[in-house]
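K.L.:
My questions all concern the structure below.
The values are calculated or read from the model by the stated rules, or taken from the named source; none is laboratory data. None of the values given here were measured: they were computed from a predicted structure. Virtual Cβ from ideal backbone geometry, glycine too; neighbours counted across all protein chains shown. Note: accessible area is taken over every heavy atom of the protein model, side chains too, but ligands, DNA and RNA are not part of it. Shrake-Rupley method; radii C 1.70, N 1.55, O 1.52, S 1.80 Å.
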Amino acid sequence: MLHLNLKKEATARLTVLCIGAHCDDIEIGCGATLLHLKTVFPRLRFHWVVLSASGPRSQEAARAAELFTAGCEKDVLLKDFQDGFLPYCGSKVKDFFEEMKSQVNPDLIFTHWHGDAHQDHRLISELTWNTFRNHLILEYEIPKYDGDMGRPNVFVPLEAPLYERKVDYLFEAFASQRDKQWFDRRTFLALMRIRGMESNSASGYAEAFCARKIVVAPVA
């Protein structure tokens, strides 16, 4: 397999924008990859944005962001758009994305997969691409009842114990979700195991993403 490096030198600063429609989306979709990036890039800066994080769940989202970005520079922004209604207040969400564009110029963006069955997720994916048109964007996947898993084309192999730590952090931060049928340690590990099998990961585990467009810079 061809291995692409984000930077020539690990000492270079890497700015990562993480966008999630809801509390726990970022962590489920790319949490282990973010932990991996922390081990590779000591000068890592996160811009962490959750669109629907109101009430008690905002405290959970803040705690999760702290766990996954610990030791790094970070800006955490938790908005209070209504869960499930993002497409129906689209102009306000669009205004927020335009404002965000003027504040951050990331090297790498994580956002929702464009084929996700959840309407909030699809809108966030669309607006990410509308707003950041000259950036490296990786779309993460969220397992759910709808059965909407796609065929990702970018894989991040995960060394132990990163994939276990991801799930530990999920259960530590999101206490309100522990009794949900879908919020299951076996589900999160199983998806990473499948993606690890598909990518021939040495550990057997990986996270996977959809990349619609990647430009490979010429080697000097």
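K.L.:
Within the range 162-177, track down each residue that is charged (D, E, K, R) and closer than 21 Å to R193 by Cα. Please lay out each step first, then the result.
P.N.:
Filtering the range 162-177 for residues charged (D, E, K, R) gives 164-166, 168, 172.
E164, R165, K166, D168, listed by residue number.
K.L.:
Return the residues of the range 16-52 that are β-branched (V, I, T) and either open to solvent by less than 10 Å² (accessible area, probe 1.4 Å) or modelled with pLDDT of 95 or more (or both); say none if nothing qualifies. Full working, then the answer.
P.N.:
Within the range 16-52, the first condition is being β-branched (V, I, T), and the residues that meet it are 16, 19, 26, 28, 33, 39-40, 49-50.
Residues satisfying the conditions are V16, I19, I26, I28, T33, V49, V50.
K.L.:
Would you mind finding the one in L44, L51 that is in contact with a Leu (Cβ under 9 Å, 6 or more places away or on another chain) and over 18 Å from E141 (Cα atoms)?
P.N.:
L44
K.L.:
Mind listing whichever residues of the range 127-149 are farther than 18 Å from C30 by Cα and open to solvent by 50 Å² or more (accessible area, probe 1.4 Å)?
P.N.:
Correct list: N130, R133, N134, Y145, D146, G147.
K.L.:
Specify which of the listed residues (E66, E60, E99, E73) is under 21 Å from R165 (Cβ atoms), without any contact (Cβ under 8 Å) to a residue 12 or more places away in the chain and surrounded by fewer than 23 Cβ atoms within 10 Å (Cβ to Cβ). Even if it seems obvious, please write down each step before you answer.
P.N.:
Details: E60 fails: without any contact (Cβ under 8 Å) to a residue 12 or more places away in the chain; E99 fails: under 21 Å from R165 (Cβ atoms); E73 fails: without any contact (Cβ under 8 Å) to a residue 12 or more places away in the chain.
Exactly one residue qualifies, and that residue is E66.
K.L.:
Also: Which residue is farthest from the chain's Cα centre (by Cα), if the candidates are limited to the range 195-220 and must be hydrophobic (A, V, I, L, M, F, W, C) and surrounded by 15 or more Cβ atoms within 10 Å (Cβ to Cβ)? Please lay out each step first, then the result.
P.N.:
Start the filter on the range 195-220 by keeping residues that are hydrophobic (A, V, I, L, M, F, W, C), which leaves 197, 202, 206, 208-211, 214-217, 219-220.
Remaining after also requiring surrounded by 15 or more Cβ atoms within 10 Å (Cβ to Cβ): 206, 208-210.
Values: A206: 14, A208: 10, F209: 9, C210: 12 Å.
By that ranking, first place goes to A206.
K.L.:
Just to be sure I understand the filter: pairs with C-beta atoms under 9 Å, separated by 6 or more residues or on different chains, first member in the range 117-133 and under 20 Å from P106 (Cα atoms) and without any contact (Cβ under 8 Å) to a residue 12 or more places away in the chain, second member buried (at least 22 other Cβ atoms within 10 Å of the Cβ) and of a type outside the set (K, R). Which pairs pass?
P.N.:
Pairs found: none.
K.L.:
Also, quick follow-up: May I ask you to say which residue of V49, V40, V76 is aliphatic (A, V, I, L, M) and in contact with a Phe, Trp or Tyr (Cβ under 7 Å, 6 or more places away or on another chain)?
P.N.:
On the way: V49 fails: in contact with a Phe, Trp or Tyr (Cβ under 7 Å, 6 or more places away or on another chain); V40 fails: in contact with a Phe, Trp or Tyr (Cβ under 7 Å, 6 or more places away or on another chain).
Result: V76 is the single residue among V49, V40, V76 that is aliphatic (A, V, I, L, M) and in contact with a Phe, Trp or Tyr (Cβ under 7 Å, 6 or more places away or on another chain).
K.L.:
Any residue that is farther than 22 Å from L191 by Cα and in a helix (DSSP H, G or I) - is there at least one of those in the range 24-37?
P.N.:
No, the range 24-37 contains no residue that is farther than 22 Å from L191 by Cα and in a helix (DSSP H, G or I).
K.L.:
Any residue that is touching a Phe, Trp or Tyr at 6+ places or on another chain (Cβ under 7 Å) and assigned to a helix (DSSP H, G or I) - is there at least one of those in the range 82-99?
P.N.:
Filtering the range 82-99 down to residues touching a Phe, Trp or Tyr at 6+ places or on another chain (Cβ under 7 Å) leaves 89, 93.
Next, from what is left, pick out any that are assigned to a helix (DSSP H, G or I): 89, 93.
Checking the range 82-99: at least one residue is touching a Phe, Trp or Tyr at 6+ places or on another chain (Cβ under 7 Å) and assigned to a helix (DSSP H, G or I).
K.L.:
Any residue at all in the range 54-63 that is more than 18 Å from V154 (Cα to Cα), touching a helix residue (DSSP H, G or I) at 6+ places or on another chain (Cβ under 8 Å), at pLDDT 95 or above and outside any helix (DSSP H, G or I)?
P.N.:
No, the range 54-63 contains no residue that is more than 18 Å from V154 (Cα to Cα), touching a helix residue (DSSP H, G or I) at 6+ places or on another chain (Cβ under 8 Å), at pLDDT 95 or above and outside any helix (DSSP H, G or I).
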